Amino acid sequence: MSLNDQLKSFRKSLASQPVYGVKRSAPGGVENKNESRTSSTPGTPAIANNTRAAYESSMEGKKKSKRANQGVVFSQPANTGAGTHTMSLLYTVVNYLKNCDDPQSVVSIQSRTNVDIRANSELWEKLTTNEKIDFDEINGTFSYKPTFQIKNKDDLLQLLQEKRSQGGMDYKDLKDSYSKLGVAVEELAAAGQILVIRHKDGNPRVLFCNDEQYNTPLDEEFKKMWTEISIPDETDLPRELENAGLKTMEVFEKKVITEPKQKKSKNRNRKGKITNTHLANLDLTVDYVPKKTF
C-alpha cells in the first residue's frame, strides 16, 4: 500500500470516530455559544468543564485539604482523653477528685472525666482500696482525703496557729487540701493574719501565722532611717565591707590527697601435678641449675 492510500485510510478512520464537545464559559459567567460544541453522536455525554478557572478552583480545594491535614501528626497517637490503661484512668479520676471539695458520685465522675468506673472492675477495686480516696458505700460517693482537712480560710488560719511552734508551712504541702487555697491565702495576707514568703513570680512559697504579740511598735523616725539605708550592689559589697572594717566570709576547700594504693603481690604456690611416679621426690616448681664440677 502506498503512502497516499495509508493517508486516505487514516482520514476515513478519523472521520468515523465521534467528536466530543467541550463546554466553555465566557468571562463574567456568560456562556459563549460560538465556542460550545455538542457531541456529533446522539446520546454521548459532554465532557465536564475544564477551563482554567475550574482547574484553579479544584487545585485550591486540594491545597485547603492539604493545609488542613498538616496539623495532624499521624506518627503520634490521637489524644483520646483519659486513655484506656487502668492506671491512666485512675490518675484522671484521682486528679478530678483532688480538685473537688465535696464527695462525687459515679455519674458525676463519668460526666466530667468520661471515665465509667463501673465498666472497669480493676479500676473500681483500685479506687475503693486507695488510701487517698474515701469511698462511702451507703451513698456510693468518692472523695479525696488530703493530708490536712481545710474547707475554708478559717481552717487554714487555725492550722497555721497550731503549727506555729514548728515554723512555717510549705504552700505545696497544703495545695491539695483546698481547691480555693490561693484565694484564702491572699485574703488572710491582706487582713494581716498570716505572713507569706513568695517566689520571684509572686506565688506563695511558705506560710506563717502572724502572731500579733510579737509585732513591736516602732517610731516613724526609725522606720525612715531603715528605709533610707542603701544596700550596696553585689560587686561593690566586698569593698564597702572592707571600708567598714569587716571581712567577708571565706570558704576554704579542704583538699583531700588520696595516696595511691599499692598493689599486693600474690604469692602463688602452685604445685605441679605429678603423673610419673619416678618424679615424686622432685620439686618441679624450682628451676633446675646444674651443679658446677671443679
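The values are calculated or read from the model by the stated rules, or taken from the named source; none is laboratory data. Keep in mind it's a predicted model, so treat the numbers as computed, not measured. Don't worry about glycine lacking a Cβ; one is built from the backbone with ideal geometry, like all the others, and counts go over all protein chains shown. These accessible areas exclude ligands, DNA and RNA; they are computed on the full protein's heavy atoms, side chains included. Shrake-Rupley method; radii C 1.70, N 1.55, O 1.52, S 1.80 Å.
Got a number for residues in region 101-112 being modelled with pLDDT of 85 or more and either within 23 Å of Tyr178 (Cβ to Cβ) or open to solvent by less than 30 Å² (accessible area, probe 1.4 Å) (or both)?
Count: 8.
Pairs under 6 Å by beta carbon, first residue more than 19 Å from Gly182 (Cα to Cα) in region 136-151, partner of a type in the set (Ser, Thr, Tyr) and open to solvent by 30 Å² or more (accessible area, probe 1.4 Å), six or more apart or different chains?
Pairs that qualify, where the first residue is more than 19 Å from Gly182 (Cα to Cα) and the partner is of a type in the set (Ser, Thr, Tyr) and open to solvent by 30 Å² or more (accessible area, probe 1.4 Å), are Thr141/Ser105.
Where residues in region 113-162 are open to solvent by 90 Å² or more (accessible area, probe 1.4 Å) and of a type in the set (Ser, Thr, Tyr), which of them is nearest to Asn99 (Cα to Cα)?
Thr147
Being open to solvent by less than 50 Å² (accessible area, probe 1.4 Å), under 16 Å from Ile194 (Cα atoms) and touching a residue at least 24 places away in the same chain (Cβ under 8 Å): is that true of Leu174 here?
When the stated conditions are applied, Leu174 passes them.
Out of curiosity, is Lys151 basic (Lys, Arg) and either in a loop (DSSP other than H, G, I, E, B) or in contact with a strand residue (DSSP E or B) (Cβ under 6 Å, 6 or more places away or on another chain) (or both)?
Spelling it out, Lys151 is indeed basic (Lys, Arg) and either in a loop (DSSP other than H, G, I, E, B) or in contact with a strand residue (DSSP E or B) (Cβ under 6 Å, 6 or more places away or on another chain) (or both).
What pairs come out if I take residues in region 114-131 that are more than 15 Å from His85 (Cβ to Cβ) and pair them with residues that are assigned to a loop (DSSP other than H, G, I, E, B) whose C-beta lies under 8 Å away, six or more apart or interchain?
Pairs that qualify, where the first residue is more than 15 Å from His85 (Cβ to Cβ) and the partner is assigned to a loop (DSSP other than H, G, I, E, B), are Glu131/Lys145.
Any idea which of Met249, Met169 is open to solvent by 60 Å² or more (accessible area, probe 1.4 Å) and either under 21 Å from Asn99 (Cβ atoms) or not small (Gly, Ala, Ser) (or both)? Before you say what the answer is, go through the steps one by one.
Details: Met169 fails: open to solvent by 60 Å² or more (accessible area, probe 1.4 Å).
The match here is Met249.
Quick check on region 181-189. Is at least one of its residues free of Cβ contacts under 8 Å to residues at least 12 places away in the same chain, more than 22 Å from Leu90 (Cα to Cα) and open to solvent by 90 Å² or more (accessible area, probe 1.4 Å)?
No, the conditions are met nowhere in region 181-189.
What's the total number of residues in region 194-231 that are acidic (Asp, Glu), without any contact (Cβ under 8 Å) to a residue 40 or more places away in the chain and closer than 30 Å to Lys163 by Cβ?
Of the residues in that region, 2 qualify.
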